[in-house]
Every structure is written in structure tokens, then in C-alpha cells.
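What follows is a short report on a single structure.
We did not get these values from a lab; they are worked out from the coordinates using the rules stated. Predicted model only: the values in this text are computed from it and were never measured. Using ideal geometry, Cβ is built from the backbone for each residue, glycine included, and neighbour counts are taken over all protein chains shown.
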Amino acid sequence: MSLTDVLELNKTELFAKIRNGLPIVPQTQNLLDCKDDLLYAWNSSDSCLLVTNWRVALLQPQPKRAKVSYQKLIPSNSIGLNVDRVVVSNEGSLVALSGPRGVTILDVPRRSGPDGCFMDGKPQITCRTYNLDALLFQNNPQLEVRQLRWHPDSVSDSTLLVLLSNNTMRVYNHAKLRHVWKVGPYTVKTGANTSLSDFGETSVDFDIAPAVKSSASDETSTSLSTTHNKTQSAAKTGKEKVEWPIVILRENGNIYMMLAGIDSEITRLQGPITITPQTSANYGLESCALLIIPSLPPTVIIAESTGKLHHALLLESETKEHSFSDVDECLVIEPSEWTLHVTETVELELGLSSGTANDTNGAYSCPIHLKRDLINEMRYFAYHNAGLHSITVNFISELQRFLDSEAEDDQLVLSTPSSAEYILCTKFDSSDRVNAVFGIALMQMPAGLVLLLSSGQVISLKLVIDAQLLVTAKQQLQRTATNDALGQQGESPSFTDTIKALLMRSVSQPILADKMASSSAHERYELLNQAIEVLRSQYLKRHELVRVEFAKRINCIKLQKQQQLQEIKSLENEREIISERAHKLAERFEEISDNQEILMRRCQKLMQDANAVLPNSVLAEREFALEVARINKTTKSMAAALDTAKKTFNKQRYHIAKSQEIAKSNVYELPEKQRRTITEILTQLSSEIDRQITDVKRINKIIGL
């Protein structure tokens, strides 16, 4: 089993089929998606969707995994677009196939059979297909699809939101156009000249935040509020409704908020949202992607093509801020009720530089795509032309602990920085060769991911579900230092935390995946030297430090063991002495208890005698004493008579039982043979008597008597 392909997908027929029809242009896209136990993959050569049950393949032995069958979902209508994105709906009933020039919806059939396949495992299935607004793209050659997402509030699992390059968002339900929402000024692009795209006013990405309650009156729309007091005051003047905040990102880094329900014809656009803290360099000058993690408050991820990721909290602003963008008079933009507070910025390493003097091209830049992990809300993935990163947002757990805390003096301090791990590297030289990610799919139970590269290689890895299990000791030490600064009592780090701190690496060694092309020997030599240097400085050296720490720990434990053995020996001696003293004290206690009982009886006797001879004893007391004596005497005589009666009763019962036994023994019983003989004789006599009686009756009848 390969360490980079634990599911052995490279040997399967499904990816062998896809490998022959991969796009020629090495541009990052996502031709894979996973829902439950089904893995979807787009086959560009045959224009069909291939599906396999990866969980069934995982349960198979290793020699049989490559022979696991797959199903081919053939669209009923021809798809005349270059598919670069496969998105399965929330319930898995529909699949959206998107390209720069259109979107197609494929209706997935029902699952049946022992393995949960479509239509009981039929190899080829023709599925109903809907092309969304084909004439719109045909009449507008410059129009492109920027992003599409399934709406989480759709009961029928069929509402799709599509963001276009002309700053409009189209809402489809069951492949029918329901609404067209304007998210920005209308852009007109004719050839190389653009009206607003040069200023970065084109929307490039969007995501849907958790739903909030809003109140809108009949005449004017009131502001959105999620607090309890504002909701109560708004309920008096208007009717409550649920709205979904849609966060929209533009190329220049400006972020807008659109408030709309799933059936809203009129939306409310607010922005641009103020981003704090303010810096000399604006956030997101080369913004390319946006992602929302549904924490409390929601966490917004803004990605730049330079490799920077800004983590921000979406908060309610104290005062409304008016928009400074009045480009389109037909577009109504309300004052913003939200602010973005950037907590940290994570810089990704886009490829490994060879470290040579000829490498003068500067930092590599490419579009970054974001994908949220549905299992662990603290983690998301960033994939691009140079590989794959896994980013863990650690302050989300601190926010949750702060919200769950009941202490009044508890303060919120976001002290744990996020961690970015370079999982896969596909660019490690200064050449222009690109081995981009063509597909990424996240699996659940067991957790894992599948990557499809432009070279045709498939990488399947297992993932740790809970990132909190890998919290390093350094982060715990930082949290302890922060608590000490706040006056809280902290504990010293354990030996395990110390070892984790020593093993913590500042630079990771990702999986290297190169395209099918030969590089120069010098570049490979430089890459080898770099890998060796990382292994020496970040692995071997730290393991040596850990070995020394273990030796110190062992010596310390040995000294503690000797001291504890001596203490145990002294404690044993003290225990024997205490046991002897306890035995003596117990004997002394018993002796004193007996003497005390004797003295108490003597005292009671003396008190009775003294009371009896007192001269002031009255007549009633004497009569009472005589009556008690008489009753005592009578009671004793009655007890003696009762004993005599019991003895007499027992004696009589004995004689009665004995006489009954004698009577039973005197009963005579005939032998069995005699009893049988007498029974036969009596039976014959009875028969003879019956016969004679019959004859007598017959004779009487004859003679007329």
C-alpha cells in the first residue's frame, strides 16, 4: 500500500478512464466531489459523470480494490461546456456541473441494492439534465460564471445560487430561474476594455452565513438585528422573518453583505463592510476566494493570490456606516450594519524554492481556492496550482470556551494562532511547469481526502478528525502565560507537552508530486539538499533533543524511585509501631468499658436502696410498690401455669400421633392375587345375577304377570 494513496485509487479503472481525458491547460479546478459514501468524478473525454462507492472499495482486500466497479451517469442533453467544477447538493439528489460559460444540473437517480448503487448497480444510466440559461451565455460572449453554491435553506434540496461576472446573482429552483439579484454595479466588458473590472469592482466569490432574524415594516425596511432587545422592539412595528446574509467578495478586497431570504424578490445590499484594524496596506488587494465558517460569531476567510489568508470575525457594528461607492445609480446600497475584525493573517508557502541564485522570479502567485471541512469546523483546506494546505483556525475553540464559560470576570483573549500545514507540494523549482490540483474530495467516516492532479496522479490520505488532539505544547504554554497575565493560576506543562514542544516543527515537509517532465540535475540536487537540511534541522536534531530529554527524565525518575522506596520503608516501620499502639489502646479501652459497666450497676443499686429507705416515702408510693410486687408474683405464677399447659398439650399430641400410627398399622390388606381373584368372582356373580333377572322378566312377560 502506498503511503500517498491509502485507497489505491491510482490502480482503479475509474481514474484510469479519467486520466485519459484530463484538460490540457493546467489550471486549478475541482472535478471531484464526495457525498456520503459516493465519490463523483467528471470524465471530460466522454462528457459524463463517473460514480463509485469508495467505502465499499475500502472494505475490499488490497488485491481487489483496483477491480471495484463504477457507474457512468450519462447526461440526457449534450453538455457543450468545459466543466471545471462539480458540486453535489446538500442531500445528494442533484449535481451541478459548472464551467466558465454555463451551468448544467444533473438529476441523480435513486439508490438501491446491497452496495447502495444507483438503480441496483446498472453500469450506464441516462440522467435528466437541465442547461441553465444557455441563451444568456450564447448572447453574452464575455459573461462568465464566478461561483455557485447550493442554498442550505432549500427544503427540496434544489435551490442553486450562481454568481456571474456582471455582478448579478441568479437563483434557480428545480432548474427554473426564480430571481435575479444585483450584487454590484453592472459591468460591461467588450474585448480588452472594461468599465469597472479595471477598478476591481467585479464580484469574484460569495458564501452564505448562518441565518438571522430580521424585521421589515410595510413602509420602510428596518435594520437587521440579532440581539434580543432589538428583535423585541422590531416585532412591535413589523413582522419577523428569517434572512440569510450572503457575503460577497470583490477583486479589490471590498466585502458586501446582501440580506435575502430564499424566496425574496427584493434584497438589501450593504457595504462595503469596514475591516479593522486598519493598516497601510489594504486587505485583499488581490482577493480571489472567500469562505465562511459558521462559528459564533461567524469566521470569514479572505484569500489572496499571493498566499495570504485573512481570518476575520463578522460582528455587528455599533453605528451604521454609509457606502462610499456610488458607481451605479440604479443600485441601492444601504448603510452597513456589520464590521469585519481581522484577528490574524496566515501566509502560505506556495511551492518550495530551490534556493539557487538563479531563482530571481520572486514569490510565486496563483489563485487560491477554499474548501471547508464538514467534520471539523475549525479546519479548512486551500488548494491551488502549487498543492494543498490544511489550515486549522484555533481561536474558534477559544470563542466557544468563552461563550460556554459562566464566570463573570472571564475575559476573551485570542492567544492561540492558527496553524497551516503544507500537505502536498506540486511546485518545487523555478520553472513554469505547473501540476495543479484538478479535484479535491473530502470523505467522512473514516475521514480522508482524495486529490486529482493535472499529471493524472491520484493522492488519497487519511485525516485526523479532531484537530484539538494535536494541540502543541507551545500553544498550551502561551495560553498558560496569558492566564498568568490575567491573574489566573496555571499549572506547569507536563512531560508530554514538553516533548511535543521539542518535536514541533516550524517548517513541514509536504508530499512532493511532480508532473511527467524531466528537470535539470542541478535543480533536483538543490531540492535534495533542501530536503536533507529540513530533515536535519527539523527532524533529526529535534529527535536528538528529545532523546536527551528522555535521558534526563529517566535519571530523575530513578532518583525519585529510590527516594520513594526509602520513604515506603520508613512508612512501613511507622505503620507497625502504630498498629502495636492501636492494639494496646483497644485492650485498655475494653478494660475501662467493663469497669465502667460495673460501676454503673453499683450506682443504680445504691440509688434504689437509698430511695427505698427514705423517711419521706408517701403512702401512694408504698401502695404502688406493693401492687407492682403483686403483679410480678401473679405474672410469674401465670407463666408457670402456661409452661405446664404447654407440656400437657405436647404430651397429648404425642399420644394422639402414636395412636394414629398404630391404627394405620393394624389395617389388613389382602394380597394382590387374592384381591384379583375375589374381584373376578364378584364380577361373574354380578353377570350371573343380571342374566337371571333378564330371564325372570322374560318369563313374567310370557306368562302375563
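Can you compute the FRET efficiency between residue 20 and residue 82 using 1/(1 + (r/R0)^6), with r the Cβ-Cβ distance and R0 = 22 Å? Round to the nearest 0.05. It would help to have the intermediate numbers written out before the result.
Working: r = 16 Å, r/R0 = 0.75.
FRET efficiency, residue 20 to residue 82: 0.85.
Say R0 is 45 Å: what FRET efficiency, to the nearest 0.05, do residue 213 and residue 413 get from their beta-carbon distance?
Working: r = 30 Å, r/R0 = 0.67.
Efficiency at R0 = 45 Å is approximately 0.90.
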Checklist entry - For region 510-652, what are the per-bin percents of Cα-Cα distances with bins 5 Å wide, up to the bin holding the maximum? => result 2, 6, 5, 5, 5, 5, 5, 5, 5, 5, 4, 4, 4, 4, 4, 3, 4, 3, 3, 3, 3, 3, 3, 3, 3, 1, 0
Next on the checklist: Need one number: nm distance between label points at residue 638 and residue 153, each 7 Å from Cα along Cα→Cβ, rounded to one decimal.
Outcome noted: 9.2
Checklist entry - Which FRET efficiency, nearest 0.05, do residue 504 and residue 549 yield, Cβ-Cβ r, R0 22 Å? => result 0.95
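Over 22 Å apart: what share of the alpha carbon pairs of region 1-144 falls there, rounded to a whole percent?
Numbers: 4235 of 10296 pairs.
Summing the P(r) tail past 22 Å for region 1-144 gives 41 percent.
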Checklist entry - Measuring from label point to label point, each 7 Å out along Cα→Cβ, what is the residue 692 to residue 596 span in nm? => result 10.2
Checklist entry - Between region 418-441 and region 8-54, how many Å separate their Cα centres? => result 19
Checklist entry - In whole Å, what is the distance between the alpha-carbon centres of region 365-400 and region 242-278? => result 22
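Roughly how large, in nm² to one decimal, is the mean projection of the convex hull of the alpha-carbon atoms in region 413-456?
Numbers: hull surface 22.4 nm².
Averaging across all directions leaves 5.6 nm² for the Cα convex hull.
Order of 372-382, 27-37 by packing, highest average Cβ count within 10 Å first?
Working: 372-382: 18.6, 27-37: 20.5.
Highest-to-lowest ranking by the protection proxy: 27-37, 372-382.
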Next on the checklist: Based on C-alpha coordinates, I'd like the Rg and Dmax of region 560-628, in Å.
Outcome noted: 27.8, 85
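Among 164-170, 175-181, 140-146, how do they line up from the highest to the lowest mean number of other beta-carbon atoms within 10 Å?
Details: 164-170: 21.0, 175-181: 14.7, 140-146: 16.4.
The peptides rank, most packed first, as 164-170, 140-146, 175-181.
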Next on the checklist: Please list, by residue number, every one of the trypsin sites (Lys or Arg not before Pro) in region 102-145 that is coil in DSSP and has at most 10 other beta-carbon atoms within 10 Å.
Outcome noted: 110
Checklist entry - Along the Cα-to-Cβ line of residue 6, 7 Å from the Cα, sits a label point; which residues in region 417-459 have backbone N less than 14 Å from it? => result 442-451, 459
Checklist entry - How far is it, in nm, from the label point at residue 521 to the one at residue 568 when both lie 7 Å from their Cα along the line to the Cβ? => result 6.5
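Distance check, please: which entries in 17/427; 11/35; 35/72; 67/462; 67/427; 72/182 exceed 28 angstrom between their Cα atoms?
Those over the limit are 67/427; 72/182.
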